[in-house]
Structure formats: structure tokens, C-alpha cells
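Below you'll find the structure, written out as C-alpha cells, and then a few comments.
None of the figures in this text is laboratory data; all of them are computed from the coordinates on show. What you are looking at is a predicted structure, and each value in this text was computed from that prediction instead of being measured. Glycine also receives a Cβ, built like all others from the backbone with ideal geometry; neighbour counts cover every protein chain displayed.
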Amino acid sequence: MSGVAIVTDSNSGITQEEAKRLGIFVLPMPFYIDGELFYEDISLTQEKFYERLTQDADISTSQPSPGDVLDIWEKALEEYDEVVHIPMSSGLSSSCATAQMLAQDMDGKVYVVDNQRISVTMRQSVLDAIALAEKGMNAKEIHDILMREKLEASIYITVDTLKYLKKGGRVTPAAAAIGSVLNLKPVLTIQGEKLDSFSKSRGWKSAKKTMLDAYDKNARLLAGVFIYLFVTPVLPIWRKVLLILLRF
């Protein structure tokens, strides 16, 4: 088979089963639970992961090993001429920089897209790449289009507990304690490299309204806005995450 293979990782929310239906390759992200290594959607299901999370297990994430990255590329190149690799944002993980370094030794057959996406926006990049490949575009053309459109999406996030933000060092223990007492829900945003603070709200309903107001503001400013609303634990370090994807 010739053409372009699309490779991503499980931070896109695309399961191994869905990857088979889409005709793409998904690199499972590794993580540790109480010191034991697991691979997302391979050795542990999402349901079991969140069950362990609620049991207060010690959980930490990691990046794929260079060997695992090279293995999935080599597998893809057995069937295709080129690879477009879409990892999670370089601002959130060093896995993108690792992939870029490895691609330098692939004789121009692998293009790594650093369009700073995660979760549903990352998934959309994968679907866009599939559509472009089906139109007959080569790997460089697909890479360039995805890079050109990298800031054309935003995510707004709120969480139902500050526990994991405190554990990850994004809020101090004191701020987490005060926030819990006052029922503060941080609204965070991802557009570009990193996760940033957007606002603080009192209660879940207020946080949801803040995100919907942000969507409404963008909808008035921009033509052709599409909204995707999820209440789902897509991101691996949070529970009950509400994501609003603004794609324009």
C-alpha cells in the first residue's frame, strides 16, 4: 500500500479499536499506578484507570520510549510510503520533541506535527489529516496545513475537584484547601503551547456558564464556529472534565 500513514497517541482519545476502523496507528501512552507500568487501552482500560484514581492510587504519567515510537513508525512504513505523526502538544509533554529528534533519522519519511493540540482538538487534527491523505496529499502538505491551522482551536476546562491540580503542582496546597472550602472551580484554557488559567467560578454551574459565555463571545467574533461539548474523563489526570472545543 502506498500513501501516507497517520500516527497519533492515545492522548487524542482515540482507542485502539477505533484506530483500526479509521485505518490509523495509535501509540499507547505509558503511566504508572503504584509503581506498576501500564499502557493506556492496552494493559488497562479507561474505566479501570478511573476506578484506581478514585481509590487514591499513586498515579504518574510518562512519555513513550524512543523504541516504541520507532517501532510504530516502522510498522506504518511497511504499508505506507510516509508518516504524519501527531503527538500531544510540545508545551504539555516532551514526547513531541523526542519524536521530532527521532524523525531526523527517518530519511524524510516522517513528519512530526507540533500543532499544540490535546484531547478533542488533537483528535480533530487526526481526522483532518485522514481527510487530507484521502485527497491524495503527501506528508509534507498535510503537515504544513495542520501547522498553519494550529491556533484555530481552543479548549476550556473545569474540574470537579482541585485534588489532582494540587497533586500535579498546578495549585498550592493552601490554594486548594481554600478553593475547596469556597467551592471554587477553576476554568482553564488551552490555546497554543500550555494550559493557562482563564477564570475562577463559584460552583459547577457558574464554571459551565463561564465556558459557555467564552464560546458565545468567540461565536460573535468569528464566522463558522462549531462547538463540541463533552462531560468525559478524556484527559488522563482529571475526572469529569468539561471541554468546549471552539473550531473556527
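The table for this structure:
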read-out: Filter result (of a type outside the set (Gly, Ala, Ser) and within 14 Å of Val7 (Cβ to Cβ)) within segment 128-146; value: Ile130, Ile142, His143, Leu146
read-out: Selection from segment 11-46 of residues that are in contact with a helix residue (DSSP H, G or I) (Cβ under 8 Å, 6 or more places away or on another chain), assigned to a helix (DSSP H, G or I) and buried (at least 18 other Cβ atoms within 10 Å of the Cβ); value: Asn11, Ser12
read-out: Residue under evaluation Asp107, criteria (1) surrounded by 13 or more Cβ atoms within 10 Å (Cβ to Cβ); (2) farther than 20 Å from Ile24 by Cβ, criterion not met; value: (1)
read-out: From the options Tyr80, Tyr39, residue that is closer than 20 Å to Ala133 by Cβ and among the hydroxyl-bearing types (Ser, Thr, Tyr); value: Tyr80
read-out: Unmet criterion (only one of (1) in contact (Cβ under 8 Å) with a residue 40 or more places away in the chain; (2) part of a helix (DSSP H, G or I); (3) over 21 Å from Ile190 (Cβ atoms)) for Val83; value: (2)
read-out: Members of segment 104-121 that are in a strand (DSSP E or B) and touching a Cys at 6+ places or on another chain (Cβ under 8 Å); value: Val112
